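Taken together, the values in this text are just the output of simple stated rules run on the coordinates, not laboratory data. Model, not experiment: these values are computed from the prediction. Backbone-built Cβ (ideal geometry, glycine too); neighbour counts: all protein chains shown.
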Ligand SMILES: *Cc1c(COP(=O)(O)O)cnc(C)c1O
């Protein structure tokens with residue numbers, strides 16, 4: 001393909017859009033320069049205003065909250081479920097006030113939130129649902145791809161995710177009435193897309209917006225990644241399953257906890273974690289692994305306990321599960337090139353650490 005097109009929405013970006021729309025079955029997919037940008041677009045699209053409230057988990061990445069704080073909204077943090085570590089749908093109704101405008105479920109580790117319950121609450125209260133599916137490309141919930149169930153879905157192609165373009169993301173517009181507005185917001189608030197499509201004879205400033213689209217260089221890289229997506233995800237699922245099988249005996253002895261498998265979903269193998277019995281035990285395990293050149297990292301400092309979270313947001317109820325599990329959770333290495341031997345080495349190191357206990 002010969003193309004001198006380097007700015008956004010050239011032939012490669014269009015191929016990415018088509019791949020996402022065809023594969024995921026979403027209404028409209030728009031590449032962005034990050035998932036953060038997609039979340040910021042979602043906040044503008046839902047017309048989030050100063051004083052509005054948005055319900056989301058505290059156990060998530062900062063962008064899930066920050067995108068709404070930028071519009072002047074207050075993030076209201078709810079607790080997570082102990083089994084999936086996802087937003088506890090039973091806590092949502094208690095957090096709803098007259099100011100609530102949206103629910104932002106985040107699918108941790110590529111495992112789904114209880115989207116049927118969340119969509120039902122949203123419908124009964126007239127709220128938007130914006131899925132933070134940054135970690136969840138190609139995971140499914142009851143047969144639907146994550147990111148396509150809420151009104152809007154946000155994907156990340158950051159290099160730490162499964163499918164990457166260095167920095168990158170996409171907004172999935174599942175509510176057809178929002179598609180045209182999304183295109184305008186993404187093109188600096190202009191109707192440039194309609195101009196290029198020959199629908200208007202000049203383009204002009206029609207709404208607020210910013211530059212949310214990535215260059216064709218990013219689109220081209222991502223295109224090649226998407227073509228390999230099934231293979232990449234199959235490899236990650238294999239590593240995830242191997243970890244799970246290999247460490248199950250420690251879970252059965254009540255020593256550690258592993259990610260729980262949900263019957264109605266298929267995960268994309270984004271990350272693998274274990275939960276130690278105490279924070280102190282986790283610290284010793286991190287050191288034990290580090291001494292064997294294995295990098296294991298924690299997730300997340302809960303947003304409600306962070307300086308900005310305290311300043312801009314508030315917690316709904318006690319977030320005891322969030323505080324407990326985030327203080328004991330440890331992620332193990334998981335990357336595409338990882339061999340069964342690499343996994344075996346990590347498993348052996350973990351088992352060696354717990355050898356005295358079993
Ligand atoms: C990675 C991540 C983001 C941010 O993605 P970027 O593409 O780096 O902006 C947002 N939310 C969650 C849950 C993430 O894991």
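Is there a residue being surrounded by 14 or more Cβ atoms within 10 Å (Cβ to Cβ) and touching a strand residue (DSSP E or B) at 6+ places or on another chain (Cβ under 6 Å) anywhere in the range 232-243?
Yes, some residue in the range 232-243 is surrounded by 14 or more Cβ atoms within 10 Å (Cβ to Cβ) and touching a strand residue (DSSP E or B) at 6+ places or on another chain (Cβ under 6 Å).
Here's a check for you: in the range 98-109, which residue that is more than 10 Å from the ligand (Cβ to nearest atom) and not in a loop (DSSP other than H, G, I, E, B) is nearest to residue 133 (Cα to Cα)?
103
Say whether the condition of being assigned to a helix (DSSP H, G or I), away from the ligand (no atom under 11 Å from the Cβ), touching a strand residue (DSSP E or B) at 6+ places or on another chain (Cβ under 8 Å) and over 24 Å from residue 259 (Cβ atoms) is met by at least one residue in the range 71-92.
If we filter the range 71-92 for residues that are assigned to a helix (DSSP H, G or I), which is where we start, we get 89-92.
When the remaining residues are screened for being away from the ligand (no atom under 11 Å from the Cβ), the result is 89-92.
Retained after the next criterion (residues that are touching a strand residue (DSSP E or B) at 6+ places or on another chain (Cβ under 8 Å)): 91-92.
Remaining after also requiring over 24 Å from residue 259 (Cβ atoms): none.
Within the range 71-92, none of the residues are assigned to a helix (DSSP H, G or I), away from the ligand (no atom under 11 Å from the Cβ), touching a strand residue (DSSP E or B) at 6+ places or on another chain (Cβ under 8 Å) and over 24 Å from residue 259 (Cβ atoms).
Check whether at least one residue in the range 40-52 is touching a residue at least 60 places away in the same chain (Cβ under 8 Å), within 21 Å of residue 140 (Cα to Cα), surrounded by 22 or more Cβ atoms within 10 Å (Cβ to Cβ) and within 20 Å of the chain's Cα centre (by Cα), and report yes or no.
No.
Please go through the range 129-178 and pick out each residue that is assigned to a strand (DSSP E or B), farther than 19 Å from residue 8 by Cα and either within 11 Å of the ligand (Cβ to nearest atom) or touching a helix residue (DSSP H, G or I) at 6+ places or on another chain (Cβ under 7 Å) (or both). Steps first, answer last, please.
Within the range 129-178, the subset assigned to a strand (DSSP E or B) is 129-132, 140-141, 144-145, 152-156, 169-173.
After this cut, where a residue has to be farther than 19 Å from residue 8 by Cα as well, the list is 129-132, 140-141, 144-145, 152-153.
Matches in the range 129-178: 129, 130, 131, 132, 141, 145, 152.
Does residue 50 count as part of a loop (DSSP other than H, G, I, E, B), out of contact with any helix residue (DSSP H, G or I) (no Cβ under 9 Å at 6 or more places or on another chain) and within 16 Å of the ligand (Cβ to nearest atom)?
Spelling it out, it is not the case that residue 50 is part of a loop (DSSP other than H, G, I, E, B), out of contact with any helix residue (DSSP H, G or I) (no Cβ under 9 Å at 6 or more places or on another chain) and within 16 Å of the ligand (Cβ to nearest atom).
Regarding residue 198, is this residue over 15 Å from residue 16 (Cα atoms) and either in contact with a helix residue (DSSP H, G or I) (Cβ under 6 Å, 6 or more places away or on another chain) or within 15 Å of the ligand (Cβ to nearest atom) (or both)?
Spelling it out, it is not the case that residue 198 is over 15 Å from residue 16 (Cα atoms) and either in contact with a helix residue (DSSP H, G or I) (Cβ under 6 Å, 6 or more places away or on another chain) or within 15 Å of the ligand (Cβ to nearest atom) (or both).
Give me a count of the residues in the range 159-173 that are within 14 Å of residue 36 (Cα to Cα) and buried (at least 24 other Cβ atoms within 10 Å of the Cβ).
5
Would you check which residues across the range 110-128 are assigned to a loop (DSSP other than H, G, I, E, B), closer than 23 Å to residue 229 by Cβ and touching a strand residue (DSSP E or B) at 6+ places or on another chain (Cβ under 6 Å) and list them?
112, 113, listed by residue number.
Within the group 274, 213, 226, which residue is part of a helix (DSSP H, G or I) and surrounded by 14 or more Cβ atoms within 10 Å (Cβ to Cβ)?
226
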